[in-house]
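What follows is one structure encoded as structure tokens, with my remarks underneath.
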Amino acid sequence: MSTPFSINHPEQAAAAVRHIRDTLREQFATVIVGQEDVVDQLLITILSGGHALVEGVPGLAKTLIISTLAKTLSLKFARIQFTPDLMPSDITGTEVIQEDKSTGTRSLRFVRGPVFANVVLADEINRTPPKTQAALLEAMQERQVTSGGEAHILPVPFFVLATQNPIEQEGTYPLPEAQLDRFMFLIRIGYPTEAEEMEIIRRTTGNSAQQPRAVLQAEEILTIQKLVREVPIADHLIRYALRLVRSTRSGEESTKAVKDYLSWGAGPRASQFLVIAAKAKALLAGEKHVMPEHLQAVALPVLRHRILTNFNAQADNVTADDIIRDLIRSTPLDASDGSTTKTLDSIVRTS
């Protein structure tokens, strides 16, 4: 499949990406009922070059959504079922002794694990101990695996899409904060509506089975990732994103909700992911530049796993999402910098 867009023609590229988004939604709809927001957030993750943690109770098609995404993107897919006895080498691979029968000499050969794929589904990642969970850290951050002092480069593109069940505590291991921070999005899947659940029952209890077709190739995904980073964003919106993230940290100017309910705020990686996710959101919407609503739309999945609520929040039934929504309402959009506004206007008029 030839790439239907070019970074040198942003207007045509935006229209092509928007068409790709619509086509992907159509292919998802052949398998998945509803969950449009979840699909969009996963697509933003992929086009931003990030990783996502998908959270939801059993039976909400978390695994099916991710495997369907891999099929529509025509990427190599690997599923790792995380269990308490899973070892790090079961994920990354291991070195084995290989004997040359002609000479009788022995040498070590690295046998690649399932992490050497484009889309890695870490299913029920919180069911394995932190030692094994951490096996993904280097892969997620550096896009490589080190074994025996030698680095083995992972395929490009590379994404980790993990799932976890939020209601079971027995036999689970919460992800370390350092690993949570590597996930660009924490995507929450809710229950379907009555009409959607009716359609799910109708589809899954019959004989018909739909298979999605591939919409994008790996080379096209890499091109769109470059295109996402070319989307312009005004300086005052970068400052707005920065204020939104910094407002989660307790200080003299913090809101009452932050002081009362948060014990830890989001780090600098949150600002980076907030901006790049907003760029992908704008591109998928067919916009030429980032607008405030794009930043606000991705604030929940970017921030909810990067802020730590305390006992007071639990006692008052206040969630991280409640605090983020309050911060979105209370954080001012400072557009007083006229030079950046004029520059952005000139870009829009001439593009």
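The values are calculated or read from the model by the stated rules, or taken from the named source; none is laboratory data. Predicted model only: the values in this text are computed from it and were never measured. Cβ: placed from backbone, ideal geometry, glycine included. Neighbour counts: every protein chain shown.
So the values come out like this:
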read-out: Residue match in the stretch 192-199 (condition: of a type in the set (A, V, I, L, M) and at pLDDT 85 or above); value: yes
read-out: Criterion violated by D40 - all others in (1) farther than 26 Å from E194 by Cβ; (2) under 18 Å from the mean Cα position of the chain (by Cα) satisfied; value: (1)
read-out: Residues that are of a type in the set (V, I, T) and in contact with a Phe, Trp or Tyr (Cβ under 9 Å, 6 or more places away or on another chain), drawn from the stretch 287-315; value: V298, V302, I307, T309
read-out: Enumeration of residues in the stretch 235-252 that are surrounded by fewer than 21 Cβ atoms within 10 Å (Cβ to Cβ), outside any helix (DSSP H, G or I) and in contact with a helix residue (DSSP H, G or I) (Cβ under 9 Å, 6 or more places away or on another chain); value: R249, S250, G251
read-out: Residues of the stretch 87-112 classified as within 24 Å of I46 (Cα to Cα) and either exposed (fewer than 11 other Cβ atoms within 10 Å of the Cβ) or at pLDDT below 85 (or both), total; value: 0
read-out: Matching option when the condition is in contact (Cβ under 8 Å) with a residue 24 or more places away in the chain, touching a Ser or Thr at 6+ places or on another chain (Cβ under 7 Å) and outside any helix (DSSP H, G or I), among L175, L186, L216; value: L216
